[in-house]
Amino acid sequence: MFIRYFYEQDLYRTLRYSININTAAKKLTLFKDGKLFKTYPIAVGKPSTPTPKGNFRIINKVFNPGGPFGARWLGLNKKGYGIHGTNNPSSIGKAVSNGCIRTYNSNIIELYNIVPIGTPVKIV
């Protein structure tokens, strides 16, 4: 019963949130219950290593991954790709990454605390 309760709570949270990433606009939009909740500026992949397009899910979360990944990591079910912070805040708004989505550390901390594993992510 106890495990089932937490599973249902997490499933409910997963269904409440979704993320849309517009690589051309360099914006990540968080939706809650299908409504615009918040928008964040991002950096995306450079032309030689573009951010993959498609529908994905968050499959893992890492607290303080370090290095170029900044304060938090939200891994996608596209191997090697994720949404993360950065140790180079001047890169936000540019196409400079190896395909991952970067945002300011304060923003990724906020996202990390809001969205659960399983959250859908659409990249266009």
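For this structure, a couple of remarks:
- Out-of-range pairs (alpha-carbon distance over 22 Å; input 35/94; 38/78; 53/94; 38/79): 35/94; 38/78; 38/79
- Take each peptide in 47-53, 92-98, 104-110, count the other Cβ atoms within 10 Å of every residue, and average; sorted highest first, the result is 104-110, 92-98, 47-53.
- The computed Cα extents along the principal axes in Å for the structure shown corresponds, within (i) 57, 40, 28; (ii) 49, 28, 25; (iii) 58, 21, 20, to (ii).
- Angle of helix 2-16 to the longest C-alpha principal axis of the chain, folded into 0 to 90 degrees and rounded to 10: 40°.
- Computed helical MRE - 222 nm, the chain, DSSP H runs ≥ 4 contributing -39500 (n - 2.57), nearest 500: -6500 deg cm²/dmol
- Average accessible surface for segment 18-102: 50 Å² per residue, computed with a 1.4 Å probe over protein heavy atoms with every protein chain in place.
- Looking at segment 40-119 alone, DSSP beta bridges between its own residues are antiparallel in about 70 percent of cases.
- Between 0 and 90°, nearest 10: helix 105-114 axis offset from the chain longest Cα axis: 20
The values are calculated or read from the model by the stated rules, or taken from the named source; none is laboratory data. It should be emphasised that the depicted structure is a prediction, and the values quoted were computed from it without experimental measurement. Cβ sites come from the backbone with ideal geometry, for glycine too, and all protein chains shown count toward neighbours. Ligands, DNA and RNA are excluded from the accessible area calculation, which covers all protein heavy atoms including side chains. Shrake-Rupley method; radii C 1.70, N 1.55, O 1.52, S 1.80 Å.
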